[in-house]
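Reading through the structure tokens given below for one structure.
The values are calculated or read from the model by the stated rules, or taken from the named source; none is laboratory data. In this text the structure is predicted, and so the values were computed from the model without any measurement. Reconstructed Cβ throughout: ideal geometry from the backbone, glycine too, with neighbour counts over all protein chains shown.
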Amino acid sequence: MTAPKYHLTSYGCQMNKLDSELVESKLRQLGYVAAPAEADADVVLLNTCSVRQHAEDRVWSKLGKLRIRKRTDPGLVVGVLGCMAQEHKRYLLARMPHVDLVVGPSAFGDIDRTVEQARRKNGELAAEREPARTKHEVQGAGVVQVDHGVSGDTIVRDVRVRPHRSQAFVSIMRGCNMPCTYCIVPTTRGEEISRPVADIVEEAQRLCDDGVTEITLLGQTVNAYGRDLPGKPTLALLLRALHEIPALRRLAFITSHPNFLGPDLITALAELPKVARYLHLPVQSGSNRVLKTMRRGYTVERYLARVEQLLAAAPDFELHSDFIVGYPGETEADFEESVALLRRVDFAQSYVFKYSPRPGTVAAELPDDVPEAEKERRNQVLLAAQEELTLRRNVAHVGQTVEVLVEGASKVAGRLSGRTVHHRLVHFASDDLELLGQHVPVRVTSALAHSCIGELQAHDAAGARCAGPVEVGEQ
Ligand code: SF4
């Protein structure tokens with residue numbers, strides 16, 4: 001009997017990508033194999049994201065196409081996983097009756113059994129419907145697994161299932177207890193649940209034993225880690241424990257909330273050289289009035305004070321941020337304060353999002369009163385301001401040699417790309433795929449708005465150490 005084939009597409013954040021790796025891990029343990037293309041798969045799974053309407057629209061559109069395929073391929077199993085499954089639950093089946101399974105983020109732990117159940121039911125249904133199925137709307141197995149089930153964090157991870165040789169994500173907590181008005185995450189992912197330190201260290205050790213040298217810890221409010229656990233271990237404590245793994249060379253974590261950047265974490269960041277030298281600390285707005293209506297729980301002044309404390313202790317850190325433009329009631333003056341804050345902090349990178357109401361959130365009840373064209377203008381202005389800052393930082397790197405963890409082939413033929421300890425993207429001429437996953441020295445020769453171009457320098461065969469002096473972390 002041939003092994004059943006699955007195809008899994010991830011939408012959205014890094015947490016979703018990691019969840020997809022865990023789901024794949026479970027399916028492979030059951031004997032499933034990855035299909036070379038979606039058209040070859042017996043099971044098509046979409047791990048979805050609800051953070052913006054655009055992400056959901058892509059999934060609805062994909063499901064429409066799968067409905068057409070299922071008319072001629074009734075054995076096909078179609079599954080919707082993740083945040084949209086949690087958010088829409090049975091409505092998803094009402095709108096897309098050909099869907100076979102709907103599994104929320106808290107129920108990935110037994111995804112293998114759920115898929116099997118759907119395959120069985122689906123097979124039975126398909127047999128019952130013949131030969132009339134071409135006349136009727138295609139019906140799926142309709143297995144719904146939300147608000148209950150086995151958490152994905154119970155999955156004993158198969159560390160070999162990962163897209164990169166040297167890099168891996170590790171989930172350290174799920175959910176969020178914060179009340180931000182625009183965000184659907186507390187609804188889709190539930191309350192904060194942290195994993196015990198020992199479990200995380202054990203998983204990280206196994207990943208490093210299998211060749212990983214860079215780990216990125218994931219959590220919606222990653223620096224609030226541990227407050228639900230006995231003894232309340234902190235992110236600082238966890239970073240110190242992971243830092244002890246000899247083979248680990250870089251340790252990053254996303255996404256932080258400004259309110260949890262406390263003195264113990266700042267001290268750890270300053271003291272632990274393996275910790276990547278950037279902090280993603282979304283501010284969202286430079287206006288205290290808007291921050292208050294967003295219920296972010298801090299003021300611009302408080303945010304700036306935390307940043308100053310961090311840079312005083314660890315001056316080689318760079319700050320990354322997220323901004324929302326066009327939030328309900330955001331005036332031109334509010335927006336100008338965001339531009340001013342972006343320049344004042346001198347962020348190295350910012351993601352800028354045009355506000356879009358998410359049904360079920362507090363903000364969705366407010367009038368979405370900034371016209372789309374104005375949201376777009378603010379988006380472009382803020383992006384242009386950030387591009388100017390990023391370019392200036394990139395230019396300052398010209399002439400320096402930086403350590404690059406090689407991630408893959410660049411879009412430009414004959415080049416490889418990787419990232420520095422500041423998460424700065426660097427491209428260099430080489431077609432030696434043996435360099436993938438290695439830490440190599442690259443001399444920066446020119447700067448672009450979003451990346452640097454450089455030349456590979458001499459290094460030892462394993463790429464574990466650079467032969468010449470390496471200036472890592474300098475501005
Ligand atoms: S901190 Fe706010 S924006 Fe971030 S996940 Fe929690 S509710 Fe959403």
Among the candidates 356, 430, 350, single out the residue that is among the hydroxyl-bearing types (Ser, Thr, Tyr), surrounded by 13 or more Cβ atoms within 10 Å (Cβ to Cβ) and in contact with a Ser or Thr (Cβ under 6 Å, 6 or more places away or on another chain).
-> 350
Answer yes if at least one residue in the range 212-227 is without any contact (Cβ under 8 Å) to a residue 60 or more places away in the chain, away from the ligand (no atom under 14 Å from the Cβ) and of a type outside the set (A, V, I, L, M, F, W, C), and no otherwise.
-> yes
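Conditions (1) part of a helix (DSSP H, G or I); (2) over 27 Å from the mean Cα position of the chain (by Cα); (3) touching a residue at least 60 places away in the same chain (Cβ under 8 Å), marked per residue:
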| position | (1), (2), (3) |
| --- | --- |
| 336 | yes, yes, no |
| 374 | yes, yes, no |
| 393 | yes, no, yes |
| 428 | no, no, no |
Could you tell me whether residue 238 is assigned to a helix (DSSP H, G or I), touching a residue at least 12 places away in the same chain (Cβ under 8 Å) and either within 16 Å of the ligand (Cβ to nearest atom) or touching a Phe, Trp or Tyr at 6+ places or on another chain (Cβ under 8 Å) (or both)?
-> yes
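In the range 283-292, what residues are within 16 Å of the ligand (Cβ to nearest atom), crowded, with 20+ Cβ neighbours inside 10 Å and at negative phi? Break it down stepwise before answering.
We begin by selecting, within the range 283-292, every residue within 16 Å of the ligand (Cβ to nearest atom); these are 283-285, 290-292.
Then keep just the ones that are crowded, with 20+ Cβ neighbours inside 10 Å; that gives 283-285, 290-291.
The answer is 283, 285, 290, 291.
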Surrounded by 20 or more Cβ atoms within 10 Å (Cβ to Cβ), away from the ligand (no atom under 16 Å from the Cβ) and of a type in the set (Lys, Arg), is that true of residue 195?
-> yes
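If I ask for residues that are among the charged types (D, E, K, R) and closer than 18 Å to residue 334 by Cβ, which ones from the range 356-377 would you list?
If the condition is that a residue be among the charged types (D, E, K, R) and closer than 18 Å to residue 334 by Cβ, then 368, 369, 372, 374, 375, 376, 377 are the ones that fit.
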Using the structure shown, decide if residue 316 is within 16 Å of the ligand (Cβ to nearest atom) and acidic (Asp, Glu).
-> no
What's the number of the condition residue 8 fails, among (1) of a type in the set (A, V, I, L, M, F, W, C); (2) in a helix (DSSP H, G or I); (3) in contact with a strand residue (DSSP E or B) (Cβ under 6 Å, 6 or more places away or on another chain)?
-> (2)
Would you please name the residue that is farthest from the ligand (Cβ to nearest atom), looking only at residues in the range 243-272 that are over 22 Å from residue 420 (Cβ atoms) and polar (S, T, N, Q)?
-> 267
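If I ask for residues that are within 16 Å of residue 114 (Cβ to Cβ) and of a type in the set (D, E, K, R), which ones from the range 1-51 would you list? Even if it seems obvious, please write down each step before you answer.
Taking the range 1-51 and keeping what is within 16 Å of residue 114 (Cβ to Cβ), we get 4, 6, 8, 19-20, 22-32, 42-48.
Residues satisfying the conditions are 19, 24, 26, 28, 42.
When you look at residue 290, is it touching an Asp or Glu at 6+ places or on another chain (Cβ under 7 Å), modelled with pLDDT of 95 or more and not in a loop (DSSP other than H, G, I, E, B), yes or no? Quick ask: steps written out before the conclusion?
Details: touching an Asp or Glu at 6+ places or on another chain (Cβ under 7 Å): yes; modelled with pLDDT of 95 or more: yes; not in a loop (DSSP other than H, G, I, E, B): yes.
Against the criterion (touching an Asp or Glu at 6+ places or on another chain (Cβ under 7 Å), modelled with pLDDT of 95 or more and not in a loop (DSSP other than H, G, I, E, B)), residue 290 qualifies.
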Checking residue 403 against (1) crowded, with 20+ Cβ neighbours inside 10 Å; (2) farther than 27 Å from residue 84 by Cβ; (3) assigned by TED's automatic domain parsing to the domain that holds residue 267, which test does it fail?
-> (3)
Sole residue being more than 24 Å from the chain's Cα centre (by Cα), in contact (Cβ under 8 Å) with a residue 12 or more places away in the chain and not assigned by TED's automatic domain parsing to the domain that holds residue 443, chosen from 385, 348 = 385
Residue pairs qualifying under the 9 Å Cβ cut-off, at least six apart or on distinct chains, with the first in the range 69-90 being at positive phi and the second being exposed (fewer than 15 other Cβ atoms within 10 Å of the Cβ) and among the charged types (D, E, K, R), are 89/147
Note: among 406, 412, just one is under 20 Å from residue 446 (Cα atoms) and modelled with pLDDT of 95 or more, namely 406
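Among the residues of the range 15-22, are any more than 22 Å from residue 173 (Cα to Cα) and not assigned by TED's automatic domain parsing to the domain that holds residue 171? Walk me through how you get there before you give the answer.
Quick first cut of the range 15-22, residues more than 22 Å from residue 173 (Cα to Cα) only: none.
There is no residue in the range 15-22 that is more than 22 Å from residue 173 (Cα to Cα) and not assigned by TED's automatic domain parsing to the domain that holds residue 171.
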Return a yes/no flag: does the range 199-210 have any residue that is touching a residue at least 24 places away in the same chain (Cβ under 8 Å), in a loop (DSSP other than H, G, I, E, B) and either within 16 Å of the ligand (Cβ to nearest atom) or within 30 Å of residue 408 (Cβ to Cβ) (or both).
-> yes
Which ones in the range 319-334 are within 16 Å of the ligand (Cβ to nearest atom) and either assigned to a helix (DSSP H, G or I) or surrounded by fewer than 18 Cβ atoms within 10 Å (Cβ to Cβ) (or both)?
-> 322
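Looking at 43, 77, 51 in this structure, which one is modelled with pLDDT of 90 or more, over 18 Å from residue 21 (Cα atoms) and assigned by TED's automatic domain parsing to the domain that holds residue 23? Full working, then the answer.
Numbers: 43 fails: over 18 Å from residue 21 (Cα atoms); 51 fails: modelled with pLDDT of 90 or more.
Exactly one residue qualifies, and that residue is 77.
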Which one is modelled with the highest pLDDT, of the residues in the range 172-192 that are more than 10 Å from the ligand (Cβ to nearest atom) and either over 17 Å from the mean Cα position of the chain (by Cα) or surrounded by fewer than 21 Cβ atoms within 10 Å (Cβ to Cβ) (or both)?
-> 191
On the given criteria, is residue 275 of a type in the set (Val, Ile, Thr) and more than 16 Å from the ligand (Cβ to nearest atom)?
-> yes
